[in-house]
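The values are calculated or read from the model by the stated rules, or taken from the named source; none is laboratory data. All of these numbers come straight from a predicted model, not from anything done at the bench. Methodologically, a virtual Cβ is constructed for each residue, glycine included, from the backbone with ideal geometry; neighbour enumeration extends over all protein chains shown. Each accessible area value is taken on the protein alone, full model and side chains, heavy atoms only, with ligands, DNA and RNA left out. Shrake-Rupley method; radii C 1.70, N 1.55, O 1.52, S 1.80 Å.
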Amino acid sequence: MTRLSEEWRRTHYTKEVDENTAGNEVTVMGWVHEIRDLGGIIFVLIRDREGQIQLTAPTKHIDPEVLEMVKKLRKESVIGMKGIVQESGKAPNGVEIIPSEIKIFNLANQPLPMDPTEKVKAEIDTRLDSRFMDLRKSSVSAIFKIKSRMLHSTRTFFEENDYIEVNTPKLVASATEGGTELFPITYFEREAFLSQSPQLYKQMMMSAGFDKVYEIAQIFRAEEHDTLRHLNEAISIDMEASFMDDADVMKVLNDLVKEVIIDIKDNCKNELNTLEVNLEVPEGQFEVVTYDDAVDMINSKDVPMEWGEDLSRAAEKALGDMMDGYYFLTEWPTEIKPFYVMPNEKTPEKSHAFDLMYKNLEISSGAMRVHQADMLRENIAKKGLNPDAFGAYLKAFEYGMPPHAGWGLGADRFNMTLTGLENIRETVLFPRDRRRLTP
Ligand code: AMO
């Protein structure tokens, strides 16, 4: 409707308008959350990123021009308002603003595609179809404020521990996690793929002598799953470190998860309250369950599972019911893990691979890696892959590759454990699944 002239700049977020600002003039900017017209007085709730404030317009006592603007307002329109703060026992935060000037920046069409006031609950698909509006709800924006803080504290953790942040290509020539889950794309006259994992590049960075690296980036998986924990585009927090084994990097992961939880408890109190989540800092080191023991535990719950199989969903649930919070699953069968995983020296059918679980949800996988080129070439062939397709990767192992280990932590799944959400779609702004490519 109108451009943003210089005198229209926000002086306060709504949550900063309190008794201490009573008597002052403030300028707030936001969305019209609710309008109640009682005839002699009109109340308008204005919402911004941080909260809400009441605009009170006694129809006989305010400037007729301002009143006219108030009457034009419609739900979810974007406005600016200047006015004097006044204490009021009845107003939602104990103060209200008596408007002296209102600017309508953008009138919202009616009816709205969904109700952003949280009074009417909508199905996830309806919500995602109008995600921009769904994200206006404090119970939804809280998830992303927590996610932002989670990524912030993750970066802080890595930086404080001397890791170097890297950015590896997402347009790649080969698979890393098994051949079936790649999205093919046309790369000029060749076929290429969207990257499933920074795996090969983070390992090559060990040969480059970077010692400790991390990356926070998108991974793409062409999985056909339609589950509450799989997406086709996810965020992975990856690390790799030289001269470390699986036990060393499990400790790094354990420390990271704890530090993130402590930081979120300290810095996201309002968001946790909004989501009604009582986050607990895990005590000591996470419990370690070997794959062998997990098979026995799962079978003891009458869920059939043979040694050597991956965990079915039923098996994960049975195990999750017996375990509390975060725990590691270790010594996975070599056969079902990717080619880069280091087998045990004495019992090569078992490996140095681990998963970090939260109840029945896998949130991270990692391992000590094979760092000998011959063994790696052999493993690639054993998995039915063509070693020639890994030429550039294998070369890095032939001219000085240190022993190394690392893991990938699913950021969206980690966020589910912090927010208590069961559907991964809730923790991603614009999720990508089999059926959804827009918005
Ligand atoms: P993995 O394939 O187990 O391991 O992936 C690591 C973590 O990423 C998350 N994740 C997903 N999240 C949502 N939707 C998906 N489709 C999805 N796929 C994976 C999970 C999972 O635990 N290169 C190895 C890591 C390593 O060894 O360093 C890897 O990618 O939380």
- Considering segment 393-418 alone, what residues qualify as being closer than 29 Å to Asn232 by Cα and without any contact (Cβ under 8 Å) to a residue 24 or more places away in the chain? Leu394
- Has segment 342-351 got at least one residue that is buried (at least 20 other Cβ atoms within 10 Å of the Cβ), of a type outside the set (Gly, Ala, Ser), under 30 Å from Glu283 (Cβ atoms) and touching a strand residue (DSSP E or B) at 6+ places or on another chain (Cβ under 6 Å)? no
- Query: Has segment 270-283 got at least one residue that is touching a Leu at 6+ places or on another chain (Cβ under 8 Å), among the polar types (S, T, N, Q) and at pLDDT 95 or above?
  - Reply: yes
- Query: Which ones in segment 338-368 are away from the ligand (no atom under 11 Å from the Cβ), over 19 Å from the mean Cα position of the chain (by Cα) and more than 23 Å from Ala381 (Cβ to Cβ)?
  - Reply: Lys346
- Conditions (1) within 12 Å of the ligand (Cβ to nearest atom); (2) more than 10 Å from the chain's Cα centre (by Cα): number failed by Pro439: (1)
- Message: Kindly evaluate Thr176 against the criterion of being surrounded by fewer than 15 Cβ atoms within 10 Å (Cβ to Cβ), within 12 Å of the ligand (Cβ to nearest atom) and outside any helix (DSSP H, G or I).
- Response: no
- Would you mind finding the one in Lys103, Lys145 that is open to solvent by less than 70 Å² (accessible area, probe 1.4 Å) and out of contact with any strand residue (DSSP E or B) (no Cβ under 7 Å at 6 or more places or on another chain)? Lys145
- Message: Within segment 349-439, considering only helices (runs of 4 or more DSSP H) that don't extend past its boundaries, which have at least 1 residues that are aliphatic (A, V, I, L, M) and touching a Pro at 6+ places or on another chain (Cβ under 9 Å)?
- Response: 373-382, 391-395
- Is it true that Glu316 is buried (at least 21 other Cβ atoms within 10 Å of the Cβ), out of contact with any Phe, Trp or Tyr (no Cβ under 9 Å at 6 or more places or on another chain) and closer than 23 Å to Gly420 by Cα? yes
- Task: Tell me, yes or no, whether segment 74-82 has at least one residue that is of a type outside the set (Ser, Thr, Tyr), surrounded by 15 or more Cβ atoms within 10 Å (Cβ to Cβ) and not in a strand (DSSP E or B).
- Result: yes
- Message: Let me spell it out: the conditions are (1) more than 11 Å from the ligand (Cβ to nearest atom); (2) open to solvent by less than 50 Å² (accessible area, probe 1.4 Å); (3) of a type outside the set (Ser, Thr, Tyr), and Lys212 meets all of them except one. Which number is the exception?
- Response: (2)
